[in-house]
Amino acid sequence: MKVLILGAGGLTGRYLVCESKRREMEVVSYTKQELDISKADIAQDTLANEKPELVINSASVTSLELCEENPVLSRKVNCEAPEAWAKECGRAGVRFVHLGTDYIFDGKKTSAYLPQDLPTPLSRYGKDKAEGEKRVLRANPHALIVRLAWVFGHGGKTFMSKLPGILAEKRVVELAGGRTGSCTYAGEASRIILDLAEKRVEGIFHGVQAGETTWKRFAEKAIELMKKEGRSVVCEEVRELSQDKIPGLQVPRPAFSTLDILETERVLGRKIPKWEKGLAEYLKEIGW
Ligand SMILES: NC(=O)c1ccc[n+]([C@@H]2O[C@H](COP(=O)([O-])OP(=O)(O)OC[C@H]3O[C@@H](n4cnc5c(N)ncnc54)[C@H](OP(=O)(O)O)[C@@H]3O)[C@@H](O)[C@H]2O)c1
């Protein structure tokens with residue numbers, strides 16, 4: 001099967017490329033520098049040239065702060081471009097997979113969010129991602145949307161990705177407290193996304209690892225695993241601060257955004273491993 005991966009220079013995109021190759025798919029991938037998904041007519045032209053059977057859109061403006069600063073860009077990349085790609089894929093008979101986020105929810109629910117729960121976004125990013133999902137499915141009812149949350153992996157810009165390096169260097173690590181959610185090792189995320197695509201399912205699915213965590217619990221587990229492997233851990237204390245005290249986290253994020261994965265597990269016919277397993281896999285990958 002020939003797969004076209006958009007946003008291939010990003011965290012999830014890079015793992016999607018590796019996992020697709022591991023599955024012996026024919027892979028064509030484009031980074032932002034190679035292909036801007038929001039350019040006029042780009043979807044139509046690329047589909048005509050590449051003739052893929054499957055398109056996975058991993059491109060997105062993921063910085064919440066940048067989305068607030070540049071709402072026009074956020075709207076274009078997180079909402080309008082996915083709609084255009086969904087529509088063109090539908091026209092060309094190509095399957096389309098789009099990635100979503102837990103940040104479309106406000107965190108007021110007290111049990112895990114279901115795929116069919118109504119979005120209640122708190123930020124520009126959340127609003128545009130929620131509207132993007134809606135428009136993708138309206139433009140192409142056969143599209144598949146896989147929502148991720150707190151993704152971590154090699155070379156990632158996310159806090160969880162950088163955490164092992166921080167724990168190895170800093171005695172006191174201060175991180176955002178008061179938030180509970182799902183998380184996913186990008187390697188597992190790419191397996192879930194491709195498994196769902198191969199099952200040819202449509203609509204919205206949650207693609208996170210089992211269990212829920214906080215950044216503090218995640219850090220403490222990382223320390224435990226790193227010490228068990230005999231790695232050097234300088235960190236002696238993990239301190240939670242309120243989010244507004246952490247530089248770069250000024251835009252509101254949901255206090256609770258655990259995603260329910262029962263339907264994904266049912267469709268896949270397998271249990272998705274717990275996040276602790278994903279963390280162990282990540283630490284092994286980066287040699288910690
Ligand atoms: N990372 C997470 O924790 C997380 C959580 C929930 C959901 N998600 C979703 O997962 C998907 C993948 O995100 P990620 O984790 O891989 O984040 P990422 O590392 O920020 O990757 C996104 C990629 O898209 C690229 N991009 C931005 N604008 C583009 C454009 N106009 N055309 C083509 N590419 C463009 C970015 O390039 P630049 O970096 O150069 O701008 C980046 O390489 C997104 O849909 C995101 O909403 C991610």
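Every number here is computed from the coordinates shown, using simple stated rules; none is lab data. The model shown is predicted, which means the values in this text are computed figures rather than measured ones. As a convention, Cβ positions derive from the backbone with ideal geometry for all residues, glycine included, and neighbour counts pool all protein chains shown.
In the stretch 51-120, Cα pairs under 8 Å separated by at least six residues give a relative contact order of 37 percent.
Remark: relative contact order (the chain) = 20 percent; criterion is Cα-Cα distance under 8 angstrom and separation of 6 or more residues.
What's the exposure ranking of V3, V72, going from fewest to most Cβ atoms within 10 Å?
So the ranking, lowest neighbour count to highest, is V72, V3.
Exposure proxy ranking for D102, D244, based on other Cβ atoms within 10 angstrom of each Cβ and starting from the fewest, stands as D244, D102.
With the cut-off at 1.5 for a/c, could you classify the stretch 156-288 from its C-alpha gyration tensor as rounded, prolate or oblate? Since a/c reaches 1.5 but b/c is at least a/b, the shape of the stretch 156-288 is classed as oblate.
Karplus-based coupling profile of the stretch 77-85, in residue order and whole Hz: 7, 8, 10, 6, 5, x, 4, 5, 5, with θ = phi - 60° in 6.51 cos²θ - 1.76 cosθ + 1.60 and x standing for Gly or Pro. Most simply put, the chain has about 5% antiparallel DSSP beta bridges, counting only bridges with both residues inside it.
For a quick check of your reading of the filter: which GluC sites (Glu not before Pro) in the stretch 1-102 sit in a DSSP loop and have no more than 16 other Cβ atoms within 10 Å?
E24, E34, E53
Of the residues C183, Q44, W85, the one whose Cα sits farthest toward the positive end of the charge dipole of the chain, with +1 on the Cβ of Lys and Arg and -1 on the Cβ of Asp and Glu, is C183. Loop-located trypsin sites (Lys or Arg not before Pro) in the stretch 142-237 (DSSP state other than H, G, I, E, B) with a sparse environment of at most 16 neighbouring Cβ atoms within 10 Å: K157, K170, R171, K199, R200, R231.
Considering only Cα atoms, the convex hull volume of the chain works out to 120 Å³ per residue.
In percent, rounded to a whole number, the relative contact order of the stretch 171-263 is 52, using alpha-carbon pairs under 8 Å and six or more apart.
Going from the residue with the fewest nearby Cβ atoms within 10 Å to the one with the most, S29, S74, S111 rank S111, S29, S74.
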